[in-house]
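Visitor: Sharing a structure, written as structure tokens. Questions coming.
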Amino acid sequence: MLSGTNVFLGPVLPQDFSLLFQWADDLEAAQYNETYRPPLWKQQEELWFPRLPDPSRVLMIIRRVGSSTAIGYVQIWNIDAVHQSAILGLRIGSEQDRSQGLGKEAFALAIDYCWNHLHLSRIALSVFANNSAAVALYLKTGFVEEGRLKQAAFIDGSWVDILLMALIHPRRAHS
């Protein structure tokens, strides 16, 4: 378990699945993450509770300190030990838990985990350019834009750019 002041990151538990499934079926939130498709129970179950361990992936649930209820999740995938890189994603599930600094704290814990436990040198992510709250968080955390995929996603009747961003470990950064 990774603990902060207001949140902690821990394992995905069976009791979390109904919330995870509900968040996957959130049409409004999907506009900031992906094209909406109604989730399939079995596919979601396999995503969160795979039958075989996958060393290229880490999933953690975000909880408020003092609570057992999930408020979001962190995903680290495409973990590459040779190149010391991975892709990071974070989601605060419900609107009422957003804009309180909980995602920022969870994101900092996840980055620290990537540096100190996975021994990564580079963390990448992609974000819809119109997701201004997420872009602002990533920039404040030190991520830099490495590229822009113009009109790469068609979301809710409009084309959206996708920003490619990365963060290099401060002790390993080269000019």
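The values are calculated or read from the model by the stated rules, or taken from the named source; none is laboratory data. On a predicted model such as this, the values are computed, not experimentally measured, just so you know. Cβ coordinates were reconstructed from backbone atoms using ideal geometry, including for glycine residues, and neighbour counts include every protein chain displayed.
Visitor: In region 29-60, which residues are more than 12 Å from G93 (Cβ to Cβ), within 14 Å of the chain's Cα centre (by Cα) and assigned to a loop (DSSP other than H, G, I, E, B)?
Guide: Hits for region 29-60 are Y32, E34.
Visitor: Output the number of the condition that R63 fails; it satisfies all remaining conditions of (1) charged (D, E, K, R); (2) touching a Gly at 6+ places or on another chain (Cβ under 8 Å); (3) assigned to a helix (DSSP H, G or I).
Guide: (3)
Visitor: Kindly indicate the residue of region 96-127 that is touching a helix residue (DSSP H, G or I) at 6+ places or on another chain (Cβ under 8 Å) and not small (G, A, S) and also modelled with the lowest pLDDT among those meeting that condition.
Guide: Among them, the one singled out is R98.
Visitor: Just to be sure I understand the filter: pairs with C-beta atoms under 9 Å, separated by 6 or more residues or on different chains, first member in region 141-156 and in contact (Cβ under 8 Å) with a residue 60 or more places away in the chain, second member in a strand (DSSP E or B) and surrounded by fewer than 11 Cβ atoms within 10 Å (Cβ to Cβ). Which pairs pass?
Guide: A153/W159
Visitor: Something else about it: Assess whether R172 counts as being at pLDDT below 95 and outside any strand (DSSP E or B).
Guide: yes
Visitor: Examine region 5-25 for a residue that is within 30 Å of Q151 (Cβ to Cβ), of a type in the set (F, W, Y), in contact (Cβ under 8 Å) with a residue 40 or more places away in the chain and crowded, with 16+ Cβ neighbours inside 10 Å, and state whether such a residue exists.
Guide: Yes, because at least one residue in region 5-25 is within 30 Å of Q151 (Cβ to Cβ), of a type in the set (F, W, Y), in contact (Cβ under 8 Å) with a residue 40 or more places away in the chain and crowded, with 16+ Cβ neighbours inside 10 Å.
Visitor: May I pose another question? With the checklist (1) modelled with pLDDT under 90; (2) over 27 Å from H169 (Cα atoms); (3) within 15 Å of the chain's Cα centre (by Cα) in hand, flag the one item D26 doesn't pass.
Guide: It is condition (3) that D26 fails.
Visitor: Go through the residues of region 45-59 one by one and say whether even a single one is among the aliphatic types (A, V, I, L, M) and at pLDDT 95 or above.
Guide: The answer is yes, given that some residue of region 45-59 is among the aliphatic types (A, V, I, L, M) and at pLDDT 95 or above.
Visitor: Check off (1) farther than 16 Å from L9 by Cα; (2) part of a loop (DSSP other than H, G, I, E, B) for L118 and give me the number that stays unchecked.
Guide: (1)
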